[in-house]
1. Taking the Cα atoms of the chain, report the difference between the largest and smallest coordinate on each principal axis, in whole Å and largest first.
2. Once the whole set of protein chains is in place, how much accessible area is left on residue 84, using a 1.4 Å probe, in Å² to the nearest 10?
3. Treat every Asp and Glu Cβ in the range 2-141 as -1 and every Lys and Arg Cβ as +1, leave all other atoms uncharged, and give the resulting dipole magnitude about the Cα centre to the nearest 20 debye.
4. What ³J(HN,Hα) values, in whole Hz, does the Karplus curve 6.51 cos²θ - 1.76 cosθ + 1.60 give for the range 115-130 when θ = phi - 60°, with x put for Gly and Pro?
5. In square nanometres, what is one fourth of the surface area of the convex hull spanned by the alpha carbons of the range 41-97?
6. Can you flag which of 27/79; 79/104; 18/104 are past 26 Å Cα-Cα?
7. Run through the DSSP bridge list for the chain and note the antiparallel percent, rounded to the nearest 5.
8. Could you provide, to the nearest whole Å², the per residue accessible area of the chain with probe 1.4 Å?
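The values are calculated or read from the model by the stated rules, or taken from the named source; none is laboratory data. Worth saying up front: this structure is predicted, and the values here are computed from it rather than measured. FYI the Cβ positions are ideal-geometry reconstructions off the backbone, even for glycines, and counts take in every protein chain you see. Only protein heavy atoms, including side chains, enter the accessible area calculation; ligands, DNA and RNA are left aside. Shrake-Rupley method; radii C 1.70, N 1.55, O 1.52, S 1.80 Å.
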Amino acid sequence: GGNLAGEHIFDRGTKNGKRVQANLGAKNHATIMPDSDRETTVNQLVGAAFGAAGQRCMALSTVIFVGETKEWVHDIVEKARKLKVGSGLDPATEVGPLISKESKARVEQLIQQGVDDGAQLLLDGRGVTVPGCENGNFVGPSLLMGVDAKNRAYTEEIFGPVLVCLAVDTLEE
């Protein structure tokens, strides 16, 4: 959630003598080093980024590829492209709907803003239609590459199935 929710929870908790720690509106990062196992890393990134349609507090939203690992982005795109988007009532669904129409609109707008700010859209999950759920709030896995720290897709919490990717030559960078 955002800061407003966090401030409310913090205020209520501390007034009742509770210790409260809240990190809201954050983006979870993964740094991928060249000595990582490629297959394991790709599998874990796809699950962490697109599971629960990216709507969980610990969803991975940002990847920093170090060195030649930036080439792995194509493996992620291929694996994510095969994920089944569908109803949460379908046991075969791998990416379910977003929580509301407003959430869907916000996610789609932030994808477009990322592109407008200079990112490459390697996988576009906008416009997904699920048979039997044509009015559903579906956004498929999406991947933005070439994002920098000023890109709105990087600075905003997207809270959807969108993986924002940066590439650097070295860990020090």
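1. That gives 51, 48, 31 Å along the principal axes, largest extent first.
2. Using a 1.4 Å probe on the heavy atoms, I get roughly 80 Å².
3. Computed charge dipole of the range 2-141: roughly 680 debye.
4. My calculation for the range 115-130 gives 5, 4, 8, x, 7, 9, 8, 7, 8, 10, x, 6, x, 6, 10, 9 Hz in order.
5. On the way: hull surface 16.2 nm².
Computed as one quarter of the Cα hull surface, the answer is 4.1 nm².
6. Details: 27/79 22 Å; 79/104 22 Å; 18/104 35 Å.
18/104, as the Cα separations exceed 26 Å there.
7. Details: 3 of 18 bridges.
So the antiparallel bridges amount to about 15 percent of the total.
8. Working: 9690 Å² over 173 residues.
It amounts to 56 Å² per residue over the chain.
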